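Let me begin by presenting the structure, written as structure tokens, before commenting on it.
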Amino acid sequence: MNFEFLFEQYKVTEISGRYLTLDHIEPLLFQWNTDGQLQTIGLSVENRPIYTFSIGTGKNRILMWSQMHGNESTTTKALMDFLNFLNSDDPIARNLLKDFTFCCLPMVNPDGAKRYTRENAVKVDLNRDANLLTQPESLALRAAFDAFKPNYCYNLHDQRTIFGVGDTGKPATVSFLAPAYNEDCDINEQRMKSINVIAAMNAELQKIIPGQIGRFDDSFNINCIGDTFQSLNIPTILFEAGHFPKDYEREITRKFIFIALLSGFEFLNENVVVSNGLHEYLNIPQNKVNFYDLVYKNVKINYDCNKIITNFAAQYSEVLVEETIQFCAKIIQIDNLENFFGHIEYDAKGAEFESENVNFPEIGHKANFNFSDSVKVVNGMVKN
Ligand SMILES: [Zn+2]
């Protein structure tokens, strides 16, 4: 299967970037809703609809949900691309619909999406509410799970730019986890099923982004949705869409999630017998918090009236301004930054830090400064 070609063909061009709300996806869902595929399974705190879009007639039932964290839109884009593909006349899609039934919740947290927050409208992290079910969004997802009776659950998220693949210096562009079902993180038959799908998706992704796939920490927390569903004996897979160099809009990572979905379904469909899935899964390096967006090296700064050479880092905060996300670089760390990497690194070669008010990179300040009067840095980036 030519995954990249399929992505280019079925990518939904109406949606892009990081800010994705119900207003963006509803027209597409309505357009695809030719025969009652679209249902409202619940309402958010602020009475926005939480939709399921169900399609296919096959025995293998896949429940997928995205944007349970409102500011995590990449997997929603990929899920919409996948739904667009399923709604086409493509013979591969027709075949998938014979073997699978998909129930998709493209936006579990529409209030958080509107605000561009992780939490819902009353500041609850829905991925810590899977057990208590205090929020209407949590109840809606649980209702979909109970009604649909999936064979597999796909828990779709974004992760921040801080994650690297182990100590390799490569960003974790996509991460996976087969969540634990108990405190001991044992592996039972259900968890092994998740692991085998991840191994298959990893094998495909390694061909196009070698070394850029990470494995998420599996410590057990029954309040997390993946751990809850796994503990209810349904194989569950966590997807984390992460950083690809220079792709802050996550339009490239979007493609890798689409490819992961397709390659996983291809694997499930062909009933491949897996002998070493666990080995391959455990071979995926664990994610590590060891990246900053911007790292400046060998900078001369004033420190206690002495001039020293050091490194410092800046990180973007994402700010919603008039329906778009702006990336605002702020100084976050001054350190030798040993064992840390920057998505962009700049070697000041001993040039002196200067800025309007202070001669020291102050944590929390905007990353606007000069190096020795000759190099100007605006919002973290060196201007030529
Ligand atoms: Zn998340």
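The values are calculated or read from the model by the stated rules, or taken from the named source; none is laboratory data. Not measured: the values here are computed from a predicted model. Please note: Cβ atoms are built from the backbone with ideal geometry, for glycine as well, and neighbour counts cover all protein chains shown. These accessible areas exclude ligands, DNA and RNA; they are computed on the full protein's heavy atoms, side chains included. Shrake-Rupley method; radii C 1.70, N 1.55, O 1.52, S 1.80 Å.
So here's what we get for this one:
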read-out	value
Simple spin-label estimate for GLU362 and ASP99 in nanometres, 7 Å along Cα-Cβ	6.1 nm
Peptides 108-120, 220-232 ordered by average Cβ neighbours within 10 Å, highest first	108-120, 220-232
Cα gyration tensor shape of the stretch 186-275, rounded if a/c is under 1.5, else prolate or oblate by comparing a/b with b/c	oblate
Length-normalised contact order of the stretch 205-273 in % [C-alpha pairs under 8 Å, at least 6 apart]	20 percent
Residue-normalised accessible area of the chain, given per residue in Å² at a 1.4 Å probe	43 Å²
Three-way shape call for the stretch 109-168 based on the alpha-carbon gyration tensor, with the a/c threshold at 1.5	oblate
Beta bridges per DSSP with both ends in the chain, % antiparallel, nearest 5	60 percent
Burial ranking of peptide ranges 88-95, 375-382 (average Cβ count within 10 Å, highest at the top)	375-382, 88-95
Kyte-Doolittle mean at least -0.5, axial Cα span of 27 Å or more - DSSP H helices of the chain	189-208
Selection of trypsin sites (Lys or Arg not before Pro), the stretch 308-367, meeting DSSP coil and at most 14 other Cβ within 10 Å	LYS349
Förster-model FRET efficiency, 56 Å R0, GLU46 and TYR303, C-beta, rounded to 0.05	0.70
Heavy-atom accessible surface of the chain: percent carbon and sulfur, 1.4 Å	48 percent
Helix-only CD estimate at 222 nm, as mean residue ellipticity for the chain, using -39500 (n - 2.57) per DSSP H run (n ≥ 4)	-9000 deg cm²/dmol
Shape of the chain, Cα gyration tensor, a/c cut at 1.5	prolate
